[in-house]
Each structure stands twice: as C-alpha cells, then as structure tokens.
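Peer 1: Once you've had a glance at the structure underneath, I'll fire off some questions.
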Amino acid sequence: MDLKEHLVAHGYDHIDILLIDEEGDQTTVADISLPKVTDLEYKLYLKPETISYHFKEEDPYFEAEQQSESSDGKKIKGFILEW
C-alpha cells in the first residue's frame, strides 16, 4: 500500500503536509487533494521503501527519506494537517 492509499484508508481526503527535516527546516506542501494525486511519493520526492507510518498518534505523521539534488537524501517527518 502506498502513502496515498494509507491516507485514504485512514479517512483523509484533502490535506496539507508539514515536512520537517533532520535539521529542523520546515516546508508545507499545501492543498493536496488525494483523489487527484497519482504518485504522492514522487510529488514529495520520497524514497517509497523508507516510509514508516504513525497514523494512530494524536498528531499523525510519516517518516521517510527524501531525495535531494545536493546530497544522498535526508530524513524527514511529514505531519498530516487535515482541512
């Protein structure tokens, strides 16, 4: 099951994702309509095999390694912000 399928299975439809990397830098990916996204991992530059899910938390999130142009990649947390 990919990231989009996990989110839809947990009842998410329209979300923002707050990405925080291991250095504390934050980026928000806003206005994601899950039914319209075909490859969420690609959109977020994630390595699919590195994703771990934490959706039963009070503040649901996922962890993954994000591909980077300047380096091998960095670990990030993606917090799900529901509309």
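The values are calculated or read from the model by the stated rules, or taken from the named source; none is laboratory data. The model shown is predicted, which means the values in this text are computed figures rather than measured ones. Here Cβ is always computed from backbone atoms with ideal geometry, including for glycine, and neighbour counts include all displayed protein chains. Keep in mind that these areas ignore ligands, DNA and RNA; they rest on the heavy atoms of the full protein, side chains included. Shrake-Rupley method; radii C 1.70, N 1.55, O 1.52, S 1.80 Å.
Peer 1: Do you know which residues across region 35-83 are polar (S, T, N, Q) and over 12 Å from Ile17 (Cβ atoms)?
Peer 2: Passing the criteria: Thr38, Thr50, Ser52, Gln67, Ser68, Ser70, Ser71.
Peer 1: Please count how many residues of region 65-80 are over 18 Å from Ile15 (Cα atoms) and in contact (Cβ under 8 Å) with a residue 24 or more places away in the chain.
Peer 2: Matching residues across region 65-80 total 4.
Peer 1: Another question, then. Kindly evaluate Lys47 against the criterion of being more than 13 Å from the chain's Cα centre (by Cα), basic (Lys, Arg) and on the phi < 0 side of the Ramachandran plot.
Peer 2: For Lys47, the condition - more than 13 Å from the chain's Cα centre (by Cα), basic (Lys, Arg) and on the phi < 0 side of the Ramachandran plot - is not met.
Peer 1: Then there is this: So which residues in region 11-47 are assigned to a strand (DSSP E or B), over 13 Å from Glu82 (Cβ atoms) and of a type outside the set (A, V, I, L, M), if there are any at all?
Peer 2: Hits for region 11-47 are Asp21, Gln26, Thr27, Thr28.
Peer 1: Need pairs with beta-carbon distance below 8 Å; first residue without any contact (Cβ under 8 Å) to a residue 12 or more places away in the chain and within region 1-17, second open to solvent by 50 Å² or more (accessible area, probe 1.4 Å) and in a helix (DSSP H, G or I); sequence gap 6+ or separate chains.
Peer 2: Every condition considered, the pairs that remain are Met1/Ala9.
Peer 1: Still on this structure: Out of the residues in region 6-30 that are exposed (fewer than 12 other Cβ atoms within 10 Å of the Cβ) and of a type in the set (A, V, I, L, M, F, W, C), which is farthest from Lys77 (Cα to Cα)?
Peer 2: Taking the candidates together, the pick is Ala9.
Peer 1: State which residue pairs qualify: first residue in contact (Cβ under 8 Å) with a residue 40 or more places away in the chain and inside region 38-58, second residue open to solvent by 50 Å² or more (accessible area, probe 1.4 Å) in any location, beta carbons under 7 Å apart, and separation of 6 or more residues or different chains.
Peer 2: Pro48/Asp2; Phe55/His10
Peer 1: Could you look through region 51-64, keep only residues that are under 11 Å from the mean Cα position of the chain (by Cα) and either charged (D, E, K, R) or over 15 Å from His10 (Cα atoms) (or both), and pick out the one that is least open to solvent (accessible area, probe 1.4 Å)?
Peer 2: Looking at the filtered set, the residue picked out is Ala64.
Peer 1: Taking the residues in region 31-50 that are open to solvent by less than 30 Å² (accessible area, probe 1.4 Å) and in contact with a His (Cβ under 8 Å, 6 or more places away or on another chain) as candidates, determine which candidate is nearest to Lys4 (Cα to Cα).
Peer 2: Leu34
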